[in-house]
Amino acid sequence: MGETTKRNITRRSVLKGLAWSASGFLILNDARSAHSYAANDKLNIALIGVGGRGKWYVDVIPRQANVVAFCDVNESRATAAYREHPEVPKFQDFREMLDKLDKQIDGAIVATPDHTHAIAAVTAMKAGKHAFVEKPLCGSIHEARTLRQVAQQHKVATQMGNQGSSGAQFRRGVELIQDGVLGEVREVYIWNSGGGADREDPPQGEQAIPPYLNWDLWLGPVKSRPFHASWLGWSQWREFGTGQIGMWASHTSYLTFLALNILSLWHAEPSARPRIKVRAEVSGINRVSFPRWEKVDFQIPARGDLPPVTIHWVNGGAAPGWKEKLEELVGDPADWDAPQDGQSQEGDKKQKWSEFAGAVLLGSQGRLHSTGHNYTIDLLPAKQFVDVDVRAPKRLTNSHGMPEPDWLRVARGDNHWTAWSSFSSTGPYMEMLLLANVATQFDEELEYDPLEGKIVNHAEADALLRRPYREGWTL
């Protein structure tokens with residue numbers, strides 16, 4: 001079978017899980033579960049990663065499902081979970097867990113460091129398990145594409161843990177933008193003040209492996225190396241983490257991605273030749289760690305009747321000119337002095353926006369501001385939109401308010417419910433975002449083909465779309 005035919009088959013199969021509204025916007029239809037459960041059945045869920053962020057799921061999932069297994073490579077971080085639930089079987093290797101328990105597991109939640117998100121989720125899905133993965137979904141563009149494809153092939157319910165998409169105001173914001181309340185949106189700013197660690201050198205030397213840590217399994221697919229405690233600060237290293245684009249932009253950019261129908265580029269006709277152009281300005285190119293500050297521009301082509309849009313990602317409060325630009329975008333107190341229906345009467349604008357993280361969509365007829373998690377929105381200037389209710393969606397599906405019950409409901413086979421952050425949409429979404437981590441390593445504009453999953457104008461950059469896996473680990 002030729003490559004062109006393979007691509008067309010893949011595209012047709014994906015399109016079965018998607019639909020377009022009358023206005024031309026992509027609607028999310030999750031790949032429905034191939035399994036059947038009674039409406040009130042509790043699913044059997046395995047938790048992969050139960051320390052740190054994983055402890056959240058240890059606390060909340062037992063109220064919604066049966067927790068049938070814990071898996072963690074760091075017994076020290078897992079201590080609280082193990083102490084609270086001594087009856088739950090415990091594993092260090094998720095592959096062993098899936099093999100041993102197999103039919104006893106309906107789904108898995110992955111809350112490990114970024115570099116093992118994809119391998120754990122793909123392994124679970126190939127075993128027929130529903131998959132929920134903490135944000136960011138993965139660490140590379142190749143992983144993002146693979147996650148989407150495997151989920152489609154195995155017809156499992158999926159969800160990324162960017163909880164803002166389960167918020168009522170998030171969904172209302174999508175509606176308002178689709179309804180043209182802001183007019184044409186041609187520019188968006190997404191920001192986070194955190195910046196990167198900008199470490200110049202990787203850890204040197206070798207330290208003794210702590211007795212509570214399975215170092216080899218912690219590394220997972222990443223190449224083997226001597227233990228050094230500094231590697232455990234994984235988020236600052238490119239080999240393991242994704243920087244603030246993964247840690248925070250995965251929350252803050254999603255309303256923009258859905259409302260402006262950027263997802264449709266992944267399902268365009270090949271003759272359209274869609275290209276996303278990305279260029280970065282950084283404090284200094286750093287291929288070991290992440291730069292102290294970065295400004296990345298994504299040039300998104302027209303989608304149907306929607307005009308081209310430029311998305312500006314600004315990471316690091318020290319980025320040149322950013323403080324002044326932020327004040328221009330959201331800092332005029334007059335813009336906030338007429339609270340909208342359902343919004344806080346707090347007069348101080350700093351109750352509404354934060355220098356730490358947020359988003360502003362600039363329309364020809366107004367602006368939409370969203371907080372860092374995309375949970376809440378404001379239309380600006382407030383006086384102009386005083387009669388607009390932003391509290392809840394009017395026509396789009398509402399939510400339980402958090403992603404876990406939405407995912408579990410879809411996993412049980414509820415055909416009237418949708419997980420808004422399923423891999424069918426967050427796979428392409430993470431492809432777009434993670435282009436930033438490639439662009440910050442080059443002083444050139446890169447052109448990305450979302451249909452082929454390739455950077456078409458720079459071979460060295462294209463090679464960085466895939467993270468090398470060591471022997472014994474494959475997606």
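Here Gly401 fulfils each of the conditions (1) surrounded by 21 or more Cβ atoms within 10 Å (Cβ to Cβ); (2) at positive phi apart from (1). Is one or more of the residues making up segment 152-172 aliphatic (A, V, I, L, M), closer than 30 Å to Phe227 by Cα and part of a helix (DSSP H, G or I)? No, that holds for no residue. Could you list, in sequence order, all residues of segment 281-310 that are in contact with a Leu (Cβ under 9 Å, 6 or more places away or on another chain), part of a strand (DSSP E or B) and under 24 Å from Leu329 (Cα atoms)? Within segment 281-310, Val296, Phe298, Ile300, Leu306, Val309 qualify.
Scanning segment 263-270 finds no residues that are open to solvent by less than 50 Å² (accessible area, probe 1.4 Å), on the phi > 0 side of the Ramachandran plot and of a type in the set (S, T, N, Q).
Regarding Arg148, is this residue closer than 20 Å to Arg466 by Cβ, touching a Pro at 6+ places or on another chain (Cβ under 9 Å) and outside any loop (DSSP other than H, G, I, E, B)?
On the way: closer than 20 Å to Arg466 by Cβ: yes; touching a Pro at 6+ places or on another chain (Cβ under 9 Å): yes; outside any loop (DSSP other than H, G, I, E, B): yes.
Considered against the rule, which asks whether it is closer than 20 Å to Arg466 by Cβ, touching a Pro at 6+ places or on another chain (Cβ under 9 Å) and outside any loop (DSSP other than H, G, I, E, B), Arg148 comes out as yes.
The single residue among Arg145, Arg95 that is modelled with pLDDT of 95 or more and open to solvent by 40 Å² or more (accessible area, probe 1.4 Å) turns out to be Arg95.
Kindly indicate whether any position in segment 183-199 is buried (at least 17 other Cβ atoms within 10 Å of the Cβ), of a type outside the set (Gly, Ala, Ser) and farther than 27 Å from Glu327 by Cα. Taking every residue of segment 183-199 in turn, none turns out to be buried (at least 17 other Cβ atoms within 10 Å of the Cβ), of a type outside the set (Gly, Ala, Ser) and farther than 27 Å from Glu327 by Cα.
Taking the criterion of being small (Gly, Ala, Ser), out of contact with any helix residue (DSSP H, G or I) (no Cβ under 6 Å at 6 or more places or on another chain) and in contact (Cβ under 8 Å) with a residue 40 or more places away in the chain, the only residue of segment 436-475 that qualifies is Ala439.
Among the residues of segment 353-368, the one identified as surrounded by 19 or more Cβ atoms within 10 Å (Cβ to Cβ) and outside any strand (DSSP E or B) is Trp353. With respect to (1) of a type in the set (D, E, K, R); (2) within 30 Å of His312 (Cβ to Cβ); (3) open to solvent by 20 Å² or more (accessible area, probe 1.4 Å), the lone exception for Glu134 is condition (3). Taken over segment 203-224, the criterion of being surrounded by 15 or more Cβ atoms within 10 Å (Cβ to Cβ), within 27 Å of the chain's Cα centre (by Cα) and not aromatic (Phe, Trp, Tyr) is satisfied by Leu217, Leu219, Gly220, Pro221, Val222.
In segment 102-132, which residues are in a helix (DSSP H, G or I) and either in contact with a strand residue (DSSP E or B) (Cβ under 6 Å, 6 or more places away or on another chain) or of a type in the set (D, E, K, R) (or both)? Working first, answer last.
Within segment 102-132, the subset in a helix (DSSP H, G or I) is 102-104, 114-126.
Passing the criteria: Asp102, Lys103, Gln104, Asp114, His117, Ala120, Ala121, Ala124, Met125, Lys126.
Which one of the conditions (1) modelled with pLDDT of 95 or more; (2) closer than 21 Å to Ile177 by Cβ; (3) buried (at least 21 other Cβ atoms within 10 Å of the Cβ) does Ala302 fail to meet, given that it meets all the rest? Here Ala302 meets the rest and fails (3). Being more than 22 Å from Ala357 (Cα to Cα) and either open to solvent by 10 Å² or more (accessible area, probe 1.4 Å) or not basic (Lys, Arg) (or both): is that true of Ser253 here? No; evaluated as a whole, the condition is false for this residue.
The values are calculated or read from the model by the stated rules, or taken from the named source; none is laboratory data. Quantities reported herein were computed from a predicted structural model and do not represent experimental measurements. For neighbour counting, all protein chains shown are included, and Cβ atoms are generated from backbone atoms with ideal geometry for every residue, glycine included. Please note that ligands, DNA and RNA were not included when accessible areas were found on the heavy atoms of the full protein model with its side chains. Shrake-Rupley method; radii C 1.70, N 1.55, O 1.52, S 1.80 Å.
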